[in-house]
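The values are calculated or read from the model by the stated rules, or taken from the named source; none is laboratory data. Note that this is a predicted model, so its numbers are computed, not measured. All Cβ positions, even for glycine, are placed from backbone atoms using ideal geometry, and neighbour counts span all protein chains on display.
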Amino acid sequence: MIFDRRKKEIIRLIKGGKILRALALLKEIVAKEPSNIEMRIEMARIYFKLGDLHNTRVALKECLSYRLSREAVSKILEIFQL
């Protein structure tokens, strides 16, 4: 699956310390698939780890315009360890 390959690539980049490249890839994905909540959440997670609270808030706010599953809400809360 294309989605699985992209997700694995993002994980590989993050583990390899290439956070900004992972973020760029996530932005490309979200531009093509605006309703991809999982990728939006991962963007928010990276922004939060980078200390960029403004873009964390923007990414999460965009998630709220879609119907979120319990799993998506759980992933959002994990970002803040709530």
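Some points to look at:
- Sole exception among (1) surrounded by 17 or more Cβ atoms within 10 Å (Cβ to Cβ); (2) in contact (Cβ under 8 Å) with a residue 24 or more places away in the chain for Val30, by number: (2)
- Flag if Ala31 is part of a helix (DSSP H, G or I), modelled with pLDDT of 90 or more and in contact with a helix residue (DSSP H, G or I) (Cβ under 9 Å, 6 or more places away or on another chain): no
- Test result for Asn55, free of Cβ contacts under 8 Å to residues at least 24 places away in the same chain, surrounded by 14 or more Cβ atoms within 10 Å (Cβ to Cβ), more than 16 Å from Leu13 (Cα to Cα) and over 10 Å from the mean Cα position of the chain (by Cα): yes
- Residues in region 39-52 that are of a type outside the set (Gly, Ala, Ser) and surrounded by 17 or more Cβ atoms within 10 Å (Cβ to Cβ): Met39, Arg40, Ile41, Glu42, Met43, Arg45, Ile46, Tyr47, Phe48.
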